[in-house]
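The values are calculated or read from the model by the stated rules, or taken from the named source; none is laboratory data. None of these values were measured; they are calculated from a predicted model. Cβ sites come from the backbone with ideal geometry, for glycine too, and all protein chains shown count toward neighbours. When the accessible area is computed, the model is the full protein with side chains, heavy atoms only, and any ligands, DNA or RNA have been set aside. Shrake-Rupley method; radii C 1.70, N 1.55, O 1.52, S 1.80 Å.
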Amino acid sequence: MSFSELGICPEILEAIEVLGFETPSLIQEKAIPPALDGSDIVGLSHTGSGKTLAFSIPALECIDPAIRGVQVLCLAPTRELAVQICREVEKLALFLDGISAVPIYGGASFGPQLAALKRGVQFVVGTPGRVIDLMEQGELNTDNISMLILDEADEMLDMGFQEDIDRVVSMLPTERQTLFFSATMSPAIRSLINRLSQDPLEIAIERPVLTVPTCEQSVYEVVFSSRIEVLSRLIEMGRMKRGLVFANTKRVVDDVVDGLLARGYSVDRLHGDMPQTLRERVMDSFRKGNLNVLVATDIAARGLDIDDVDIVVNFELPRDPEDYVHRIGRTARAGRKGKAVTFIGRRDFSLLARIERFIGTRMQREKVMTGEQVTQARKEALVDEILEMAASAHELPEELRDIEMPAEHLMTAMFNLLLARNGGELQDIPEDRPNRHARPQEPGADAPAKDWNTLEDSVTLFMNGGKLLGIKPKDIAGLFYNEGEAPKGSVGDIKIFLKHSLIEVTPEIAPQIVEKLSTCMICGYEVNVREDKGRPEGGAPDRPSFRVRDRRTDSYAGRDKFRDRERGFGSNRYRGERDDFRNRKPFHRRADSPAPRDNKGSDGFYKRFSKSYKGKS
Ligand code: AMP
């Protein structure tokens, strides 16, 4: 079947041709015609099945370009997915005049999103929390919405968005078409479908088997600045005789290669900017075994004949689950054993869950190997090598014949010499500390930790998340010291409440903590730290206040920044806090400060990460 047989308009067919898609995928073939006819659809299909096109095409076709207002609302669980969907919609709308789309998600400033809505954008792809905020503020007018799409509904329910979805739907016109996509079906999803739609057409697409069972997949939680060291330890332990390391950008590829070269390993790079001849040369070297490690981007590795490596390391988690499958498919070929190791940071948990859902396998969580473990593994490998060589080494070299010394002494000296010569130097990383987040025992109810630092002068910070998320004082301390780069002794009492936590820090360090943690995740949720002003009803305690230097605008921003982040929550677990916050007097941005820009995208994360990584390597 071809796309032209599905009843798609010529403008979108032209865009599909530009995109290079030749035949519709199964979900597209089955869902597009009935959706174009106005049916409600339930598509049970996984990421990678082509579902985005399957709902975006009918959605674009139902838009009237003459109406400058939101006509299609698509809800997605994460900002990454919202942005990704929006990109596909924009590509499909290439030849449709007067139609535009915008992603709307929390954690970013309202400015650009409001501007798009004011311009009359027709296709909104958003995360539930921010969509509710804009609807309630009257900025997102729902009068013209004729189509609601729920993408990855199972993930939205898993993330606790059920109430938010119901709230959004309660504000939509009842006369509308609903397209509903989920990778799995459960009673909760069935009940959601029944609430949102009447007699929808159900289309189920079988998931192909994606990964090979002989590939052992594991995950290490490692801060970015420790990753070269952990990679080196994998090499030192003899686990990377022929290893392929993937990074998301060529800049990180360069950084990893430079870091490993500086430690004396035989390593080279492969990325899209390299001329073909050079790439071939590198490939050749790798194939011949002259290189132990090849570091590559996804694009560079695609279409190249690199397989049968004994380990694949994901230095960074790929953003697209399909890339993960491509990456690890380079090992464990033809029934052989292979290993895939993935490094993740604290903010990668939701993406990891997405990949695991996509491949249908849970990866093994592993602890970073300690220096002692590395040394032990090297000793064992050396003994193996010596024994192998000893099998054919029967003659004592002439130079050793006249030495009068017990054989054990000589052997010990040789062993130590070889060990010292062959091994690289290990560096200390935060992951080495037995309990790097070690802090006092979690206090009972909301009592402060006992032997905590007593700070003479302090401000109290509010952080989202508390006992309900299983957060412990050590988690917060770890976050503040590692990600927030708080100097030793600058964190005081930590009180964990049901839904939030209060942390005392020294006044000088407070702005830095707020800024540095603005891109972090804890227990899979976006961290929101701000100065605690107490409950509005109960009268705010009188505490010293601070202003936060806003790196986006290079101006001092006030509570609007906090407010933005607060409103970034999607989970209804936080609804109580968010509502508390809403009751407060709104903060108005200083008239003289420039409009905030969005720095919360992956580039923002990347810049922050690469900075800390560069600093350490
Ligand atoms: P999705 O399931 O929407 O996440 O799509 C997965 C990937 O498949 C995306 O990168 C799309 O660009 C791509 N894709 C979607 N439809 C087709 C098609 N008919 N042929 C080839 N690739 C497609």
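List the trypsin sites (Lys or Arg not before Pro) within segment 350-383 that DSSP assigns to loop and that have no more than 13 neighbouring Cβ atoms inside 10 Å.
Within segment 350-383, the qualifying trypsin sites (Lys or Arg not before Pro) (loop, at most 13 other Cβ atoms within 10 Å) are ARG362, LYS367.
Can you tell me the length gained on complete extension of the stretch MET405 to GLN198, counting 0.36 nm per residue apart and subtracting the Cα distance?
Roughly 65.5 nm would be gained on extension.
In segment 215-369, carbon and sulfur make up what percent of the accessible area (probe 1.4 Å)?
Its accessible area is 47 percent carbon and sulfur atoms.
For a label point 7 Å from the Cα of ASN290 along Cα→C-beta, name the residues of segment 252-279 whose backbone N is under 14 Å from it.
266-269, 278-279
Report the label-to-label distance for GLU216 and ALA420 in nanometres (one decimal), using points 7 Å from each Cα along the Cα→Cβ vector.
In this crude label model, GLU216 to ALA420 measures out at 3.3 nm.
Long-range amide H contacts for HIS271: which residues qualify at under 5 Å (H placed 1.01 Å from N, peptide plane, sequence gap of 5 or more or a different chain)?
Here nothing satisfies the definition.
If you roll a 1.4 angstrom probe over the protein chains with everything in place, what fraction of the accessible area of segment 38-148 belongs to carbon and sulfur, to the nearest %?
The value for segment 38-148 is 49 percent carbon and sulfur by accessible area.
Calculate, for segment 455-531, the solvent-accessible area per residue in square angstrom, rolling a 1.4 angstrom probe over the heavy atoms of the protein chains. Let's see the in-between values first.
Numbers: 2420 Å² over 77 residues.
That works out to 31 Å² for each residue.
Given the Cα-Cα distance of GLU17 and SER392 and 0.36 nm per residue of separation, how much length would full extension add, in nm?
Fully extending the segment from GLU17 to SER392 adds 128.5 nm.
If you roll a 1.4 Å probe over the heavy atoms of the protein chains, what accessible area per residue do you get for segment 339-415, in Å²? Present the calculation step by step, with values, prior to reporting the outcome.
Details: 5130 Å² over 77 residues.
Spelled out: the 1.4 Å probe surface of segment 339-415, per residue, equals 67 Å².
Testing the spin-label approximation: label points 7 Å from Cα along Cα→Cβ at CYS9 and THR184. State their distance in nm.
For the pair CYS9/THR184, the computed spacing is 3.8 nm.
Given a Förster radius of 22 Å and the C-beta distance between LEU94 and ARG68 as r, what FRET efficiency does 1/(1 + (r/R0)^6) yield to the nearest 0.05?
Efficiency at R0 = 22 Å is approximately 0.65.
Round to the nearest 0.05 the FRET efficiency obtained for THR142 and ALA115 when R0 = 22 Å and r is the Cβ-Cβ distance.
Calculated value: 0.70.
Which of rounded, prolate or oblate describes segment 215-369 when judged by the alpha-carbon gyration tensor and an a/c cut-off of 1.5?
It is rounded, given that a/c, with a ≥ b ≥ c, falls under 1.5.
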